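Student: The structure is given below, and queries will be raised subsequently.
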Amino acid sequence: MNKKTIIRTFEKIALYMELLGENHFKVAAFRKAASVLELDPRSLSEMDDILTLKGIGKGTGAVITDLMENGTSEVLKELEDKVPKGLIPLLNIPGLGGKKIAKLREALNIDSVESLQAACEKQEVSKVPGFGKKTEENLLREIEILAQRSGKTPIWQVAKIADAVEAELQLIDEIQKYQVAGSFRRREEESSDVDWIVVTEQPKAVKEKILAALPIEKIIAAGDAKLSISLDTEHPIDADFRFVTEDQFATALHHFTGSAAHNVRMRQLAKSRKQKISEYGVEDKSGQVQTFSSEKEFFAHFDLPFIPPSIRKDGTELDRADEIAQLVTPEQIRSDLHMHTTWSDGGYSVEEMVEACRAKGYSHMVITDHSHYLKVANGLTPERLLKQIEEIRAVNEKYDDIEVFCGTEMDILPDGRLDFDDEILKQLDFVIASIHSSFNQPQEQIMERLYAACKNPYVHMIAHPTGRIIGQREGYNPDIDQLITWAGEYGKILEVNASPYRLDLRTEHLIQAKNAGVLIAINTDAHATEQLDIMPIGVEYAQKAWLPAEQVINTWPLETFIEKVIRR
């Protein structure tokens, strides 16, 4: 349990209460409690008694106790059961929050995206107080964008579902091992379903236990070797479980990871050798089936190196096999250069984040809390930043196995100014510049803001350069060609944000940056220690651009990082 989890729970409770039209003061109590915790610079472990904090009342305190003792909140569970399921997708529409949805529900009985669309088309929404013609038009446009995405689930939602399913699979004794496959394993941005390969000698027992453990909307198919279900989760998705033996595991995993084009190319290669590939193994012309202990051994059978799932795309990866050894891998990452603490909107203290990075074997790291423009994230004023620098320097003195650098994630303001002046920036080791506001500005203004950051000599990196959230918002539409040109000209690093919500730069932009020779950093943007674990997702996503390790500054030794980045 950490402070950020409690804050998110309070915010979700407030949102669900709002959706149900509950008393304003009850909603405000949970929002206030969330704000109190957000503004408190201490982590949970540093608080003597969280329940005595001013702003934590009887109701909010009971939720904290429930979370601390059970890991979940009964209040939140009850609200989740009460909120009509059709209201949740409405939250994905930009411009709609809990209060507005509740207002539409009361005025027009809106209970789904479909009913909202119908009301907009009948021009009923514009007649509701607080909504106008322009809002109605914007809602219709956003609904149309949402419809284009239907049938696909963003990777961050799939990741949550995969974690929940695997928590149940771990508890089934009859399962020897399992591995997620399909498009999620290939780190595609969206998936239509999610697949698991399950090794078991008792598929019937495993099938029954899966059906008993998971929330199921319907059973699509249930045979001896396969179970297909529709999951009744917050973001419904189909799930397939393939039951195989230990010796079939490697080829089944390869087959069901795909892509289809990759598999076609592999089958063509096998055919040229008078062999056949199936999920069960490789069959020679005599009918003998050979199995493998791993995918690496499977590829070696065809004189190929292990081909990472992330680049199994269109078959051309077989022609580029000699480039695979140069690809960045999760094992090569030595640092994380973008993370947040309780000084702004993170869940853990500086020292707790340092300990988590030490546990990963990192040689260096940077603390980069938000700047003061981002008040919603408790951004640091110049005075608070100077105090944080003192703390980071003191913490760094305690360790001889990791170097902790002082940084900031500084906002690029809507008018093109930077949130800190140069006198402050020159006292930092590493400066990130980011856009978090006014996404709807014309591209010309967006580029003026990015140019201000690129030409500033104290800025090292541009973070999440398009501001997108996969499946929710497109971001602020920069001229990527120009940004890459400026990054090269002014020696700026561009980020691949490893958060499955962002994965920004996206693949096509990252290919451009790679070809231009621009330096790249892959960072988690972690707001809690457990979020440091998403680094492999970012690295594997970056592999899609065939990004070499040498171009990724997180792979550099500490001495190289200091020489080429800190002291440049």
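The values are calculated or read from the model by the stated rules, or taken from the named source; none is laboratory data. Please read all numbers here as calculations on a predicted model, not as lab measurements. Ideal geometry is used to build each Cβ from the backbone, glycine not excepted, and the neighbour counts take in all protein chains shown.
Student: Residue 71 passes all but one of (1) surrounded by fewer than 13 Cβ atoms within 10 Å (Cβ to Cβ); (2) modelled with pLDDT of 90 or more; which number fails?
Tutor: (2)
Student: If you don't mind, another one. Determine which member of the set 77, 12, 26, 54 is assigned by TED's automatic domain parsing to the domain that holds residue 107, touching a helix residue (DSSP H, G or I) at 6+ places or on another chain (Cβ under 8 Å), assigned to a helix (DSSP H, G or I) and over 19 Å from residue 528 (Cβ atoms).
Tutor: 26
Student: Please find, within region 271-301, the residue that is surrounded by the most Cβ atoms within 10 Å (Cβ to Cβ) out of those that are more than 8 Å from residue 251 (Cα to Cα) and of a type in the set (Asp, Glu).
Tutor: Here the residue is 283.
Student: Return the total of residues in region 45-85 being in contact (Cβ under 8 Å) with a residue 12 or more places away in the chain and over 30 Å from residue 355 (Cβ atoms).
Tutor: Residues in region 45-85 being in contact (Cβ under 8 Å) with a residue 12 or more places away in the chain and over 30 Å from residue 355 (Cβ atoms): 9 in total.
Student: Something else now. Which residues, taken from region 97-112, are surrounded by fewer than 19 Cβ atoms within 10 Å (Cβ to Cβ) and more than 14 Å from residue 128 (Cα to Cα)?
Tutor: Selection gives 97, 111, 112.
Student: Could you tell me how many of the residues in region 328-343 are surrounded by fewer than 24 Cβ atoms within 10 Å (Cβ to Cβ) and not charged (D, E, K, R)?
Tutor: Summing the residues that are surrounded by fewer than 24 Cβ atoms within 10 Å (Cβ to Cβ) and not charged (D, E, K, R) in region 328-343 gives 5.
Student: Here is a further query. Taking region 528-568 as the search range and keeping residues that are within 21 Å of residue 155 (Cα to Cα) and not in a helix (DSSP H, G or I), which one is nearest to the chain's Cα centre (by Cα)?
Tutor: Within region 528-568, the match that is nearest to the chain's Cα centre (by Cα) is 528.
Student: So is residue 359 surrounded by fewer than 16 Cβ atoms within 10 Å (Cβ to Cβ) and among the hydrophobic types (A, V, I, L, M, F, W, C) or not?
Tutor: Yes: the conditions hold for residue 359.
Student: Which condition from (1) surrounded by 14 or more Cβ atoms within 10 Å (Cβ to Cβ); (2) modelled with pLDDT under 95; (3) in contact with a helix residue (DSSP H, G or I) (Cβ under 7 Å, 6 or more places away or on another chain) is the one that residue 142 breaks?
Tutor: Going through (1) surrounded by 14 or more Cβ atoms within 10 Å (Cβ to Cβ); (2) modelled with pLDDT under 95; (3) in contact with a helix residue (DSSP H, G or I) (Cβ under 7 Å, 6 or more places away or on another chain) one by one, residue 142 breaks only (3).
Student: While we're looking at this one, here's another question. Filter region 458-474 down to the residues that are more than 24 Å from residue 554 (Cα to Cα) and out of contact with any strand residue (DSSP E or B) (no Cβ under 7 Å at 6 or more places or on another chain) and list them by number.
Tutor: 472, 473, 474
Student: Please enumerate the residues belonging to region 400-423 that are in contact with a helix residue (DSSP H, G or I) (Cβ under 8 Å, 6 or more places away or on another chain) and small (Gly, Ala, Ser).
Tutor: Hit for region 400-423 is 416, nothing else.
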